[in-house]
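The values are calculated or read from the model by the stated rules, or taken from the named source; none is laboratory data. Note that the structure is a prediction, hence the values are computed from the model and not measured. Using ideal geometry, Cβ is built from the backbone for each residue, glycine included, and neighbour counts are taken over all protein chains shown.
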Amino acid sequence: MVSFMARRVAAALGTLFLSSVLVFLAVQALPGDVATQVLGKDATPDAVAALREKLSLDRPAWERYTDWVRGALHGDFGTSLVSGKAVGGEVSMYLGNSALIALITVLFAVTGSIALGILAGLYRDRWPDHLISTVSLVGMSVPEFVVATVLVLCFSVARPWFPAV
């Protein structure tokens, strides 16, 4: 059991590392310069150079990545270029609401899954079982962003019951 847990933790850490590297590289591959984007097209070359130095954009990418990882391990995720505030503070501001939504979602999912499982078991190899199995398979196969888009279209566009934030 301990070796299983160790393998799972190692796999999770490896996935987290690879994800962070891929996101960092994807951001580096974006066209344009961050300093120019922040200051605007009319910025002087000296102002752009000063901001690039302040944001450490004049250093190699691998140095910036390792600095970010060191900071992240200590809880410092850097400063938002949009708001100028600490990213950790920005994230923690919404963490409680996100946790509440996740908890409610889990409660609905577990309750619904148990009910549908019992129903499928009661009608094994008949149409309710096949319908539940098919809908479950389709539900697991469709990406979340597609489901989210359909829900926004249904509940914010077609029937404006909720705001599309």
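Remarks
- Being of a type in the set (S, T, N, Q) and part of a helix (DSSP H, G or I) is a description that applies to Ser113.
- Residue satisfying condition, being surrounded by fewer than 12 Cβ atoms within 10 Å (Cβ to Cβ) and of a type outside the set (A, V, I, L, M, F, W, C), within set Gly89, Gly14, Gly71: Gly14
- Tabulated pairs, the stretch 115-141, first in the same structural domain as Leu151 (by TED's automatic domain parsing), second assigned to a helix (DSSP H, G or I) and among the β-branched types (Val, Ile, Thr), C-beta under 7 angstrom, 6+ apart or interchain: Leu116/Ile132; Leu119/Ile132; Ala120/Ile132
- Where a residue in the stretch 31-60 is over 16 Å from Thr79 (Cβ atoms) and its partner, wherever it lies, is not in a helix (DSSP H, G or I), with Cβ under 7 Å and at least six apart: Thr36/Ala43
- Val38 surrounded by 14 or more Cβ atoms within 10 Å (Cβ to Cβ) and closer than 19 Å to Gly84 by Cα: yes
- Whichever residue in the stretch 40-68 is of a type in the set (A, V, I, L, M, F, W, C) and in contact with a helix residue (DSSP H, G or I) (Cβ under 7 Å, 6 or more places away or on another chain) and, among such residues, is farthest from Gly88 (Cα to Cα): Ala43
- Any chance Ser19 is surrounded by fewer than 10 Cβ atoms within 10 Å (Cβ to Cβ), modelled with pLDDT of 90 or more and not hydrophobic (A, V, I, L, M, F, W, C): no
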